[in-house]
Structures are given as C-alpha cells and as structure tokens.
C-alpha cells in the first residue's frame, strides 16, 4: 500500500502535465492548420465513394479531355475522370503514412528507451544496429526491396519504409532517456522495485510524448513522399488508384509534352499539401516543446 500512493499521485500529475501539453499544441497556429488540413484529407478518404462524381476506373469518357463542367479536372488518355481518381487516390498515401508512422515509431520507442535505460552491452549493440541502418541510403534500399515485391499491398510497402526510417527517432529518444533516467521520479521507482517495463513505459515514455508525436508525423511525411516516389518510378502496384500511380501514367502518356497539365499537377499539389500538413504538425509540436523555438517566434 505504501508504494501505491506515490504511484497514484504520479499518474495524476502526469495526466495533468499531458493535458496541458495537448492544450498548448492545440493552441499553436501551425499545429492547428496542419491538423485541419489532415482532417480534411482523412474525411475525403473515408467518404470517397460519396464525394467522387464517377468511378475512378471507368473508361467511357472522352480521351484526354480538358477541364469542363462535367469533368472538373479533365480525363486521362484512357478516358478516366481525374477528379475521381484524385479523390480515391487519397486513401493509399494516408494508409501508408499512418501504417509506416505507427510501425517506425514503435520500433524507435522500444529501441531508444530500452537502449538508453539499460545501457551497457545492450546499448552498444542496439546503437550499432541503429547506426548501420542510419548510414544506409534509405530510398535506394526501399527501391531495391520494393523491386522484389511485385504488386505489394499497403502493409508491405509500409513495413519496408518503416524499416529504413526508425533510427532517427531511436537516437533522439535514447538521448532523452539518458537524461531522464537519473531524475528523482525514475530513481524513486527503481528504489521501490518497479519492473523495468513500468519504468520505461510508465515513467519515462509519458515525459517524451511530444518527441514521439513529432517523430510520428515526420515519419508520415517521409512515407508519403517515399511511397509516391516508388509508384512514380513504377515500383509497387501501379494499377491501384493513388497519386503516385496517377503521376506514373501521366508520365508514361507524355502528359507534360502534350500539355495535359490537369493530369499531373493536381496529384502533385495533393502530395505537397498532405506533406505540408504533417510538417506543420511536426513544427507546431517542436515549438511547444522547445522553449527556444517558441520564444523565437
């Protein structure tokens, strides 16, 4: 009973601290704009069947028609409605971004916190693995692996990207764990015999939620750009409707040469805006958690 009272007070104090941080993040202008844009994309992805005017695979429309009242963004060379493809294409980048962000963040949290907290030979071994993955050319490695995964689904693509994007977050979380493991609340938990799992995820992790969130959104940004680049290069399943496959088919059909700007500019803008949403969320969290950035404006 003696050990439970401090733990309960600790939990209440952490919850209040987390709520105050969430309130600060929500009050940040960059984070608010990023969150609003991201919610718009998520809504479009969820309600794509209701929003899209046509099926994205129907080929009964005119060939490579320009924007008009019936086709706001024109049609492809195969007679498909580009606006419908753009709306349906929101699903794959978002799915890959979220799956990659979750997988890479989990790896970074486990490796970073465990390495910094345990130390010794475990720290040396995990950091050696982290540095090896870190110096590998990420995009080149993803291209090589993806080339062997013909018609890969979103889960496989996400796992491939996650395997090359977790080391940055692991190094940051390890450094922060080393700073926190000598704090009084961690030493007190060790003194009363708390298991290492509770110390790692019950004491240290709640104090790094902002870093974890920033790492998650940065990984999502990396995943959107990488997945779109892979499909633009013709890797993965180019027959799925996504922004990357739209750019691939537009390039194959020489849309730039023929002046069919309505085919390649909209998906390019969509990729940029979604990436900007993740970046704004990342910058907003950085400003809230880093006093020097918040003072600098």
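The values are calculated or read from the model by the stated rules, or taken from the named source; none is laboratory data. If you're wondering where the values come from, they're calculated on a predicted model, not measured in any experiment. Methodologically, a virtual Cβ is constructed for each residue, glycine included, from the backbone with ideal geometry; neighbour enumeration extends over all protein chains shown.
Brief remarks follow.
- Some residue of region 130-147 being farther than 30 Å from residue 90 by Cβ, surrounded by fewer than 15 Cβ atoms within 10 Å (Cβ to Cβ) and touching a helix residue (DSSP H, G or I) at 6+ places or on another chain (Cβ under 8 Å): yes
- Residue 87 at pLDDT 95 or above, within 19 Å of residue 273 (Cα to Cα) and touching a helix residue (DSSP H, G or I) at 6+ places or on another chain (Cβ under 8 Å): yes
- Residue within region 108-119 that is modelled with pLDDT of 90 or more, touching a helix residue (DSSP H, G or I) at 6+ places or on another chain (Cβ under 6 Å) and closer than 27 Å to residue 266 by Cβ present: no
- Residue 96 being at pLDDT 95 or above, under 20 Å from the mean Cα position of the chain (by Cα) and either farther than 22 Å from residue 275 by Cβ or not in a loop (DSSP other than H, G, I, E, B) (or both): no
- For residue 234, the conditions (1) free of Cβ contacts under 8 Å to residues at least 60 places away in the same chain; (2) outside any loop (DSSP other than H, G, I, E, B); (3) in contact with a helix residue (DSSP H, G or I) (Cβ under 9 Å, 6 or more places away or on another chain) all hold with the exception of (2).
- Any chance residue 75 is crowded, with 24+ Cβ neighbours inside 10 Å and in contact (Cβ under 8 Å) with a residue 24 or more places away in the chain: no
- At least 3 residues being within 30 Å of residue 217 (Cα to Cα) and modelled with pLDDT of 90 or more is the threshold, and among the helices (runs of 4 or more DSSP H) wholly inside region 1-81 those reaching it are 29-46, 48-51.
Rundown of residues vs (1) over 19 Å from residue 86 (Cβ atoms); (2) modelled with pLDDT of 90 or more; (3) surrounded by fewer than 22 Cβ atoms within 10 Å (Cβ to Cβ); (4) out of contact with any strand residue (DSSP E or B) (no Cβ under 7 Å at 6 or more places or on another chain), yes/no style:
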{"site": "177", "(1), (2), (3), (4)": "yes, yes, no, yes"}
{"site": "184", "(1), (2), (3), (4)": "yes, no, yes, yes"}
{"site": "193", "(1), (2), (3), (4)": "yes, no, yes, yes"}
{"site": "197", "(1), (2), (3), (4)": "yes, no, yes, yes"}
{"site": "233", "(1), (2), (3), (4)": "yes, no, yes, yes"}
{"site": "238", "(1), (2), (3), (4)": "no, no, yes, yes"}
{"site": "246", "(1), (2), (3), (4)": "no, yes, no, yes"}
{"site": "250", "(1), (2), (3), (4)": "no, yes, no, yes"}
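- Only one entry in 223, 276 is more than 27 Å from residue 118 (Cβ to Cβ), within 14 Å of the chain's Cα centre (by Cα), in contact (Cβ under 8 Å) with a residue 60 or more places away in the chain and surrounded by fewer than 21 Cβ atoms within 10 Å (Cβ to Cβ), namely 276.
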